[in-house]
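Structure record follows, encoded as structure tokens.
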Ligand SMILES: [Zn+2]
């Protein structure tokens, strides 16, 4: 199953004719003209409806391959799962013995309720302030296109990479990434790529600091269930299913408040605490008009979305769940409908080093600062991204989306990115790619040269 399938490039040329920039104007000066072409290409990518649950991957694949073709990148389409294409582009480095650079982005976006948007979510409308409105403008078609535009600029400037540079465009991140990044990271193709560092998505920053992420929280989807003798709605008795479930909910709520307080008081960042949110509550005896009101039911259950930072003590959380949240002594049981791993196979927190043991971190910071970008403290991503798949195979992976002075609108109505911030992000990637693709580690020993 893990066999890549080729793609007919000739077939694409006919499509690329449809992608000619629409904003060119013979009277505009050359720089403006180039900028409007860049924005127009971003708009074209945003206008492809790759919304879950039925993303148009055929169109996005055609578009990306045409882009690759226009900047002379090598391209292939990998389909580990039928209908779930991974577009893999390569800019070969002059020294193939050096580990490569991977710039990853996902092509799918979350659904949108278009009636709640000021402009249509796939219109990529630009308002008078230069804000580009579209689903995916922040998460994360911006980053995918910025990679391409940065390569285009570098290519035109005559830059040639020492390390090979890969751009991967993966499907289905928004539904867990099983058919996308996970398959890619565990494939033979990936081993042959000899990746040294992977960049993936981050988050917008409402202030002037860019945000860099060195790890992420793992999701545990917990369902707790209680059982008890049914009884008349008027009777007070011990161990009813509802009463037992409520004791658990109270305990969970106290825990949630204690974690939230750490964030509110500024002692910890959002990604550093365990979040618990109730996702569903299921109980009651149905009747034709709703629920039977004078009966205490014999079963009740509740589901919780729990997010666990890599440094959390899993044993103590497991103990808390078994002893306080769903104890058998209160006729309760629990199960996980999904249990992410915040640790590596040695039981260590699954994070990318931010100290001198990882030269890629400092290189990234320097490259950003060279463009006058400011950077906040290293952070743990509060939700999940594809980066965990790369960390799980032992790679350094850093989450970064160059969006400063931008409200965090991923998965929200009216997602937008300002065109100036988008253009600035391209220059940041130009600087990052230059630094990364040229990096040669200092030779400590003659044969340690290929370590990084
Ligand atoms: Zn995303």
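May I ask you to verify whether residue 412 is out of contact with any strand residue (DSSP E or B) (no Cβ under 8 Å at 6 or more places or on another chain) and within 16 Å of the ligand (Cβ to nearest atom)? When the stated conditions are applied, residue 412 passes them. Taking (1) within 28 Å of residue 428 (Cβ to Cβ); (2) crowded, with 22+ Cβ neighbours inside 10 Å in turn, residue 220 satisfies each apart from (1).
Of the listed requirements (1) within 16 Å of the ligand (Cβ to nearest atom); (2) part of a helix (DSSP H, G or I); (3) not assigned by TED's automatic domain parsing to the domain that holds residue 172, residue 322 misses just one: (1). Residues that are farther than 12 Å from residue 81 by Cβ and surrounded by fewer than 23 Cβ atoms within 10 Å (Cβ to Cβ) within segment 177-189 comprise 186, 188, 189, listed in sequence order.
The condition of being within 16 Å of the ligand (Cβ to nearest atom), outside any strand (DSSP E or B), more than 17 Å from the chain's Cα centre (by Cα) and in the same structural domain as residue 403 (by TED's automatic domain parsing) holds for residue 121. Pick out, from segment 128-208, the strands (runs of 3 or more DSSP E) lying fully within it that include 3 or more residues that are more than 15 Å from the ligand (Cβ to nearest atom) and more than 24 Å from residue 376 (Cβ to Cβ). The strands (runs of 3 or more DSSP E) meeting that bar are 165-170. Report whether or not residue 111 is within 14 Å of the ligand (Cβ to nearest atom) and surrounded by fewer than 23 Cβ atoms within 10 Å (Cβ to Cβ). Yes. For residue 293, the conditions (1) within 24 Å of residue 259 (Cα to Cα); (2) surrounded by fewer than 17 Cβ atoms within 10 Å (Cβ to Cβ); (3) more than 34 Å from the chain's Cα centre (by Cα) all hold with the exception of (1).
Look at segment 250-273: where a residue is over 19 Å from residue 381 (Cβ atoms), no partner that is crowded, with 16+ Cβ neighbours inside 10 Å and at pLDDT below 95 sits 6+ places away or on another chain with Cβ atoms under 8 Å. Within segment 128-155, if we keep just the residues that are touching a residue at least 12 places away in the same chain (Cβ under 8 Å) and more than 23 Å from the chain's Cα centre (by Cα), the residue that is surrounded by the fewest Cβ atoms within 10 Å (Cβ to Cβ) turns out to be 129.
The values are calculated or read from the model by the stated rules, or taken from the named source; none is laboratory data. Quick caveat, the model's predicted, so the values are computed rather than measured. Neighbour counts run over all protein chains shown; Cβ positions are idealised from the backbone, glycine included.
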